[in-house]
1. Which of the residues spanning segment 266-315 are at pLDDT 95 or above and of a type in the set (Val, Ile, Thr)?
2. Would you pick out the residues in segment 315-333 that are within 16 Å of ligand 1 (Cβ to nearest atom) and either open to solvent by 60 Å² or more (accessible area, probe 1.4 Å) or more than 19 Å from Leu28 (Cα to Cα) (or both)?
3. Among the residues that make up segment 222-233, is at least one of them closer than 30 Å to Gly109 by Cβ, open to solvent by less than 30 Å² (accessible area, probe 1.4 Å), at pLDDT 95 or above and within 16 Å of ligand 1 (Cβ to nearest atom)?
4. Which of (1) open to solvent by less than 60 Å² (accessible area, probe 1.4 Å); (2) touching a residue at least 24 places away in the same chain (Cβ under 8 Å); (3) outside any helix (DSSP H, G or I) does Arg353 not meet, given it meets every other one?
5. For segment 78-89: of the residues being within 20 Å of Gln33 (Cα to Cα) and open to solvent by 40 Å² or more (accessible area, probe 1.4 Å), which is farthest from ligand 2 (Cβ to nearest atom)?
6. So which of Gly120, Gly109, Gly150, Gly135 is at pLDDT below 95 and away from ligand 2 (no atom under 16 Å from the Cβ)?
7. Considering segment 28-77 alone, what residues qualify as being within 16 Å of ligand 1 (Cβ to nearest atom) and over 14 Å from Cys10 (Cα atoms)?
8. Read through the list (1) within 30 Å of Ile369 (Cα to Cα); (2) buried (at least 16 other Cβ atoms within 10 Å of the Cβ), then give the number of the only condition that Cys19 fails.
Amino acid sequence: MTLSLAAPPCRAVDACLVCGSRDLAPLLDLGPQALANDLIAPDAAAVEPRYPLGIQLCQSCLLVQLTHVVAPALMFSSYLYVPSTSTTWLAHCEELADDVCARAALRSGSLVVEIGSNDGALLAAFQRRGLRVLGVEPATNIAAAANARGLPTLNRFFDEPTAELIRREYGPAAAVVATNVLAHVQAPVRVLCGVRLLLARDGLFVNESPSLCDLVEHNEFDTIYHEHVCYFSLHALRLLCALAGLRIIDAVPQAIHGGSLRLVAVRADHGWTPAPAVGPLLERERAAGVVTAAGLRAFAARAAALREALRTQVRTLRAGGQRLAAYGATAKGNTLLAYCGLSRDDVAYIVDRNPLKQGRLTPGTRIPIVAPDRLTADPPAVLLLLAWNLADEIRAQLAWFTAAGGRFLVPVPEPRLV
Ligand code: DWN
Ligand code: ZN
């Protein structure tokens, strides 16, 4: 999947990205939106481009996918998001590394390859356990930072040629891991074929992706943005894995990122026995309505109702003289702000502790992103929590803010003041 800037910036998806079917049912239209992580320099003159944002269901293979896809090079060649600003994420990496080591019976020196390794937080956890690690990361700035930390990282997109190169130069992988990456690709089966190529005969593939079931059950419509091309149910993942010669042997729900699914898969030619967890998860998906257009359109209606409720809540607070700011210059926050029509008049600033984001403006809405010390210098009455997935960690840090009478406005699953 090596793509260049010469690719068209945006194209409509009129045939399913996995099975090619044209039986695509539109579900939710979030309107034209700027790229969620394309944070703007304060002196930028040009207007940031907006691309149609919406999701549809392939009624043939059940994959929920974007209605329009943007060229990956526009979004991932340079990247400002690093997950390791969160201690929740760092703790998750430790647990995940332990789980993979135990499941794959990894020994000192076994090769672990991570796809979309970002700044190497998970690679570092494997390295601390005595494993040989290799990351693959398309963002040049982020890959350089990981290499500088002693975490070997190839600066490229992961595809079958990359898998062949790694196998040739480093040997087969005892484990391939991917967190929050499969949803970002336009040809997920090709990536999984690369995984199949790279795995040792008894190797393990461990993938974590946000779960469509959690998205629908908790009204997390804001996690829809151009970076997220696919929204996976276990139903769809089973087919994807089968098409790539992989077999799912376990699936374990995770709380991270608003609810994810940890999928464990092996080469289909290996005789592992599937764990019984898979059946109940498929049943939960059917009950949540994520495998039919009708069920998913009911979710779309709940997203529209949330928009109205949040706008009313913000209007009421402002009318009462309450000033708002926001916490977390998240990608999903930009979908939320744009879809709900919230502007700089509604949200004075957004706090984020990632220095790469500070000093920039949110795309589309142009709200200033500032360092956390602004909160003490210029506290608002209410903080809209755009990083609601990290609520516990953030609220613990900001105990002083609530002690002083400040309140959080948590937008999902429905807006509430806490
Ligand atoms: O898939 C993706 C997910 C996993 O991560 C990406 N496409 C982009 C990104 O999405 P996001 O921006 O919605 O992710 P987070 O992890 O919810 O972002 C949290 C933001 O909040 C970061 O910018 C860091 C910031 N933060 C902070 O300022 N203070 C976080 C914590 C915990 C804090 O204490
Ligand atoms: Zn399909």
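The values are calculated or read from the model by the stated rules, or taken from the named source; none is laboratory data. Computed from a prediction, not measured in an experiment: that's the story for all the values here. Virtual Cβ from ideal backbone geometry, glycine too; neighbours counted across all protein chains shown. Just the protein is used for accessible areas: all its heavy atoms, side chains included, with ligands, DNA and RNA removed. Shrake-Rupley method; radii C 1.70, N 1.55, O 1.52, S 1.80 Å.
1. Val266, Val290, Val291, Thr292, Thr312, Val314, listed by residue number.
2. Ala325, Ala326, Tyr327, Gly328, Ala329, Thr330
3. No: zero hits.
4. (1)
5. Applying the filter and picking the extreme gives Ser78.
6. Checking each option against the conditions leaves just Gly109.
7. First pass over segment 28-77, keeping only residues within 16 Å of ligand 1 (Cβ to nearest atom): 30, 33-40, 51, 53, 55, 64-66, 69-77.
Of everything in segment 28-77, those that are within 16 Å of ligand 1 (Cβ to nearest atom) and over 14 Å from Cys10 (Cα atoms) turn out to be Leu30, Ala36, Asn37, Asp38, Leu39, Ile40, Ile55, Val64, Gln65, Phe76, Ser77.
8. Of the numbered conditions (1) within 30 Å of Ile369 (Cα to Cα); (2) buried (at least 16 other Cβ atoms within 10 Å of the Cβ), the odd one out for Cys19 is (1).
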